[in-house]
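Each remark here refers to the structure printed beneath this line.
The values are calculated or read from the model by the stated rules, or taken from the named source; none is laboratory data. Fair warning: this is a prediction, and the values are worked out from it, not measured in the lab. Cβ placement follows ideal geometry from the backbone for every residue including glycine, while neighbour counts extend to all protein chains displayed. Heads up: the accessible areas ignore ligands, DNA and RNA and are worked out on the full protein's heavy atoms, side chains in. Shrake-Rupley method; radii C 1.70, N 1.55, O 1.52, S 1.80 Å.
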Amino acid sequence: MEDMIFYDRMQFAFTITFHYLFPQLTMGLSLLIVYFKWQYLRTGKVGYNSAAKFWMKIFSLNFMMGVITGIPMEFQFGTNWAKFSELTGSIIGQTLAMEGVFSFFLESTFLGLFLFGEKRLGQKLHFVTGFLVFLGSWISGWFVIATNAWMQHPVGYEILENGKFALTNFKALFSNPWLVPAFLHNQLASLVTASVVMAAIGAFYLLSKIHEENGRLFLKTGVLFGLLSSVLVAFPTGDWNAKNVIKYQPVTFSAMEGIFKSQTGGSEIILIGQPNLKEQKLDNMIAVPKVLSFLTYRNFTTDVKGLNDFDPAKWPTNIPGLYYAYHIMVGLGTILIAIMATGAFLLWRKKIEGSKWLLWIILFTIPFPYIANLAGWYTAELGRQPWLVYNLMETAKGISPTVSAGNSLFTLLGFVGLYVLLGVFFLLLAGKIIWRGPEPKHG
Amino acid sequence: MEFFWYLILGGMLAMYMILDGYDFGAGIIHLFFAKSESDKKAITRAIGPYWDANEVWLIAGGGVLFFAFPVLYASAFSGFYLPLIMILWLLIFRAIGLELRGLVDNQLWRIVWDKAFGISSLLLALFFGLALGNIVRGVNLGEVKNGVSAFEAHYFFLPLWNATLDPLSDNLGVIDWFTLMLGIIGVVSLTMHGANWIIFKTNSSINKKLKEVVFKLNFVLLALVITSLLTWHIVKPKPFENFINHPIVWIFPVLTFAGIGGLFRIKGFKKDGTGFLFSSVYLIGGLFSTVTAIFPNLLPSTNTTNPSLTIYNSAAPNYGLSVSTPWFAIGIMLVIMYFVIQFKVFKGKLDDIEYGEH
């Protein structure tokens, strides 16, 4: 039984982690493509149009990866989490089906039209198709977050005698207080990924002296959007989410901040340190006094609850994992703001191209936003444990009753093998597109 | 309300079968009949711009199944665990093959990915046929042994096969002689369907040969369909009860045979799209005849202890089903609009579309 839960969780965690490497780029990237296409319509400069078309090729590759790794996500609700699907399907199935109907058709149809239909459509309609691709990908994020918001903070339901969750208020699914802050935070984080990738490819072109004209545009656009989005991710949207956590999952808040003992008269904020569960403290801790109270309550002296204020039975299952996920997200987010602010400053002083050291840094920043995005999701998901539906249904009660541990390990291993292969080929394909670069002669 | 969502689900499945069905079929044709590089390219171009959009129907259909019939979703997806995960792997493998063949200009490279693409297409067609066979035959719901259920009444787990391949045995497997027959019907049907799509959408040099292939396979298909009808009663007594009680549903078998009949005249069709139209009619007729035969069951039970899963006992509570009707109506109208736009923009042959040469 323990084995089964472990393999089921590992398989979902592995496949969703791999899957989310792709949508996190496409959602943000689609906005940048719309920006390029709009600039082209406005100024008539060919460089903008070839940029839009170049990035739509990257988008398309990532979208394809998102589709083929996304189908297993939906299927796994049924294959590995059958009991959860049976009990909550009439609610979370609703938002997931809406994603399919309202988002994927829109996104996939107009992606095809954007890629292959420029000549037949004309420039204005080509812009519109780009905009609809953007719309589709953001609608998708909206419904996925709506689904997750219900699991984090269930609303609009009743529990029937047979244990099933029945929907009682459809609108409540979308007025869930968890939804809008989480959605904005997630979309802006996706824009951070897209901006950093764009700036990094620009830096790559400039450093290797190929496609330099395009490189300049990518770098500038990436840095400006990167600064904007990385700031907005932290404040106000990150802040809103933290306030939701403290309101609806207070024990999770204490665990992710690493506050073991309640702090009266103002709580320190922990920057670095390793959770020591045995002694209920952090080892090698570096902290700044009173700042957590200020960030959370706008008051340096407000008390903050520690884990010792809660029943240990209700603590998140994996406190060190949750603590690290949260701190990695925040730490990388802060580093990204610093890099992008430096870039924007040098851009303003027109010194960015000469600052090779910064171009190298930006180039090697590519993994950071991906890791930060994933760490953010790990924070949300580990923070919810041991619950599948917060405070109502335990994760262990959601697995498929008839699937044996041997079978779920078999498929987990299969997914690992296949996705390693898929990852290698994705990098090859992406590398080829980037190496070739935009082709202004077709613009 | 349940019946309404049953129809919607059936419609979405049919759309998926017709659309991704030609993708699989094109893959099979690619495997067996496309010899020259230009023909192979023509085939990948004829499905390239469409295949991921076609798979969206699977995602959307899965979503509707999830919220409208959560009990069936939970039961069937966990019970058919292995074949479903393998379908996922094949879908991924197929996509890798299709997208990667153009990456490196090397013959060995292309051979590997062409085979990956073709073989996974073939296996997918087989698996979807097997799936239909399993739904007709039913499963041991609750895993009953000696009159006692080992699990809750609607859960089960099927291995891929049992030693005897017997659809009537106590230890059922996904593959037995009956489901395998439907699997082969799936392969033959989709091969013809894919050939018709290629004829419709390309000017490749094998189009003439493909018409010959469709013509010949049509005899095989007819023989298989008749055999399946003659053996149907072995796995399911009284297979025609619904047809006798509600004569209107005879429309589905009529469509099936109209499709097959029409395809015998493939060599004489004036328009390239006519063959595709007939194979679509045949596929819709075939799918709906099959599910009509077991209606109102969605997944029959092979034991007498636990009831079959029907559209009534596996559906979601009424509020959820009725509140979703308006959004679904809007959504599906939008989808139809997108498809009209897409077909208008991409009408005609697709040979000139640059695909797979990122």
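What the table below lists for this structure:
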{"read-out": "Residue-normalised accessible area of the range B:2-345, given per residue in Å² at a 1.4 Å probe", "value": "38"}
{"read-out": "Burial order of peptide ranges B:259-272, A:208-221 (average beta-carbon count within 10 Å, highest first)", "value": "A:208-221, B:259-272"}
{"read-out": "Simple spin-label estimate for residue A:42 and residue A:248 in nanometres, 7 Å along Cα-Cβ", "value": "3.6"}
{"read-out": "Peptide A:348-360 - average C-beta neighbours from other chains (10 Å radius)", "value": "0"}
{"read-out": "Environment charge of residue A:275, counting only residues whose C-beta is closer than 14 Å and scoring Lys/Arg +1, Asp/Glu -1", "value": "0"}
{"read-out": "From phi via Karplus (6.51, -1.76, 1.60), per-residue ³J(HN,Hα) for the range B:74-81 in Hz, x at Gly/Pro", "value": "5, 5, 6, 5, 7, x, 9, 3"}
{"read-out": "Computed over chain A, the ratio Rg/Rh where both radii use C-alpha atoms and Rh is Kirkwood", "value": "0.98"}
{"read-out": "Hull-based mean projected area of the range A:217-256, where the convex hull spans the alpha carbons, in square nanometres", "value": "3.2"}
{"read-out": "Proximal charge balance of residue A:139 [Cβ under 11 Å; K/R count +1, D/E count -1]", "value": "-2"}
{"read-out": "Largest-first ordering by accessible area, 1.4 Å probe, given options A:327, A:126", "value": "A:327, A:126"}
{"read-out": "Convex hull volume per residue in cubic angstrom - Cα atoms of the range B:179-312", "value": "118"}
{"read-out": "Degrees, to the nearest 10: B:37-47 long Cα axis against longest axis of chain B", "value": "50"}
{"read-out": "Within chain A, helix-based [θ] at 222 nm, where runs of 4 or more DSSP H residues each add -39,500 (n - 2.57), nearest 500", "value": "-23000 deg cm²/dmol"}
{"read-out": "Distant-in-sequence amide H partners of residue B:175 (H built 1.01 Å from N, under 5 Å)", "value": "B:161, B:162"}
{"read-out": "Simple label model, 7 Å out from Cα along Cβ direction - residue A:291 to residue B:344, nm", "value": "5.8"}
{"read-out": "With every protein chain in place, the protein assembly as shown: carbon and sulfur % of accessible area (1.4 Å)", "value": "69"}
{"read-out": "Residues of the range B:317-344 buried by at least 50 Å² on assembly (accessible area, 1.4 Å probe, chain alone as reference)", "value": "B:317, B:319, B:327, B:338"}
{"read-out": "Relative contact order %, the range B:2-345, counting alpha carbon pairs below 8 Å whose residues are six or more apart", "value": "23"}
{"read-out": "Area hidden from solvent between B and A (accessible, protein heavy atoms only, 1.4 Å, total, Å²)", "value": "6300"}
{"read-out": "Rounded to whole Hz, the Karplus (6.51, -1.76, 1.60) HN-Hα couplings of the range A:283-300, x for glycine and proline", "value": "8, 6, 7, 10, 9, 10, x, 6, 6, 4, 4, 5, 4, 7, 10, 6, 8, 6"}
{"read-out": "Per-selection Kirkwood Rh - the range B:2-345 (Cα, Å, 1 d.p.)", "value": "21.1"}
{"read-out": "Anchor residue A:53: lysines whose Cα lies under 25 Å away (excluding residues fewer than 8 positions away in-chain)", "value": "A:37, A:45, A:119, A:124, A:209, A:220, A:432, A:441, B:41, B:344, B:347, B:349"}
{"read-out": "Residues residue A:360 and residue A:428, FRET efficiency given R0 of 22 Å [Cβ-Cβ distance, rounded to 0.05]", "value": "0.40"}
{"read-out": "Shape parameters for the protein assembly as shown, alpha-carbon atoms, Rg then Dmax in Å", "value": "27.6, 89"}
{"read-out": "Label point distance in nm, residue B:171-residue B:108, each placed 7 Å from Cα along Cα→Cβ", "value": "4.4"}
{"read-out": "Extension gain, residue B:318 back to residue B:161 (0.36 nm per residue minus Cα-Cα distance, nm)", "value": "52.7 nm"}
